[in-house]
1. Given the condition buried (at least 19 other Cβ atoms within 10 Å of the Cβ) and more than 17 Å from the chain's Cα centre (by Cα), answer yes or no: does some residue in the range 130-144 qualify?
2. Considering only residues that are among the hydrophobic types (A, V, I, L, M, F, W, C), more than 13 Å from the chain's Cα centre (by Cα), open to solvent by 20 Å² or more (accessible area, probe 1.4 Å) and farther than 21 Å from Glu113 by Cα, which ones fall in the range 37-83?
3. How many residues does the range 116-129 hold that are more than 17 Å from Glu83 (Cβ to Cβ) and either open to solvent by less than 40 Å² (accessible area, probe 1.4 Å) or of a type in the set (Val, Ile, Thr) (or both)?
4. Which of the residues spanning the range 84-115 are surrounded by 14 or more Cβ atoms within 10 Å (Cβ to Cβ), over 19 Å from Val69 (Cα atoms) and small (Gly, Ala, Ser)?
5. Any residue in the range 118-129 that is under 17 Å from Ala102 (Cα atoms) and without any contact (Cβ under 8 Å) to a residue 40 or more places away in the chain sitting within a Cβ distance under 6 Å of a residue that is open to solvent by 60 Å² or more (accessible area, probe 1.4 Å) and charged (D, E, K, R)? List the pairs, counting only those 6 or more apart or interchain.
6. Look through the range 1-30, keep the residues that are hydrophobic (A, V, I, L, M, F, W, C) and closer than 14 Å to Leu52 by Cα, and return whichever of them is most open to solvent (accessible area, probe 1.4 Å).
7. May I ask you to say which residue of Leu48, Leu91 is at pLDDT 95 or above and over 26 Å from Gln131 (Cα atoms)?
8. Against the conditions (1) in a helix (DSSP H, G or I); (2) modelled with pLDDT of 95 or more, where does Thr144 fall short? Just the number, please.
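The values are calculated or read from the model by the stated rules, or taken from the named source; none is laboratory data. From a predicted model like this one, the values you see are computed outputs, not experimental measurements. Don't worry about glycine lacking a Cβ; one is built from the backbone with ideal geometry, like all the others, and counts go over all protein chains shown. These accessible areas exclude ligands, DNA and RNA; they are computed on the full protein's heavy atoms, side chains included. Shrake-Rupley method; radii C 1.70, N 1.55, O 1.52, S 1.80 Å.
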Amino acid sequence: MIAEADRLVIAALTAGPPGRFTLEAAIAALHAQAPDYERTDWPQILTLYDELLRVWPSPVVALNRAVAVSMVHGPKAALAEVEAIEQGGRLAGYRYLHAVKADLLHRLGRDAEAVRAYQAALPLTGNAAEQDFLTERIRSTGTTAHITG
């Protein structure tokens, strides 16, 4: 099924200038094809997000693009983009903004700030699985922050 989807996505991409849904499908296809997270084709995903942001400029797309930036160029470059999105204010109540920022801060070793960002995300979700994930990240990151300073 993944191979068939890939064929359809490639046909759509080569049929003319791709629109929002074709680009989203291409991004999803790259994730589906990856044998694991580390071997995902992040540079290609970043390229697709660049194009998606051009045809559908939205702060959510910009945030998703920042995740790809982190995988290609590192968390410092991505954090600058996330902070710019945050300054825009349109995603202030969006849990994933805070969760992405927290992850980037944690990857940079800024664990006390990461804990605060995870804590900001927690009340914004009603999903029990997400609450459990964020609570665990707060606990484990907070432990690291305490140990490291």
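1. From the range 130-144, those buried (at least 19 other Cβ atoms within 10 Å of the Cβ) are 134, 137-138, 141; that's our starting set.
If we keep only those that are more than 17 Å from the chain's Cα centre (by Cα) as well, we get 138, 141.
Yes, there is a match, as at least one residue in the range 130-144 is buried (at least 19 other Cβ atoms within 10 Å of the Cβ) and more than 17 Å from the chain's Cα centre (by Cα).
2. Within the range 37-83, Leu53, Val55, Trp56 meet the criteria.
3. Applying the first criterion (more than 17 Å from Glu83 (Cβ to Cβ)) to the range 116-129 yields 119, 122-129.
The next check asks that each one be either open to solvent by less than 40 Å² (accessible area, probe 1.4 Å) or of a type in the set (Val, Ile, Thr) (or both); those that pass are 125.
The qualifying residues number 1.
4. Answer for the range 84-115, where residues must be surrounded by 14 or more Cβ atoms within 10 Å (Cβ to Cβ), over 19 Å from Val69 (Cα atoms) and small (Gly, Ala, Ser): just Ala112.
5. What qualifies is Ala121/Arg95; Leu124/Arg95; Thr125/Arg95.
6. Restricting attention to the range 1-30, the residues satisfying the condition of being hydrophobic (A, V, I, L, M, F, W, C) are 1-3, 5, 8-13, 15, 21, 23, 25-30.
Adding the requirement that they be closer than 14 Å to Leu52 by Cα leaves 13, 21, 23, 25-28.
Working: Leu13: 58, Phe21: 144, Leu23: 3, Ala25: 39, Ala26: 6, Ile27: 10, Ala28: 56 Å².
Looking at the filtered set, the residue picked out is Phe21.
7. Details: Leu91 fails: over 26 Å from Gln131 (Cα atoms).
None of the other options fit; the residue is Leu48.
8. (2)
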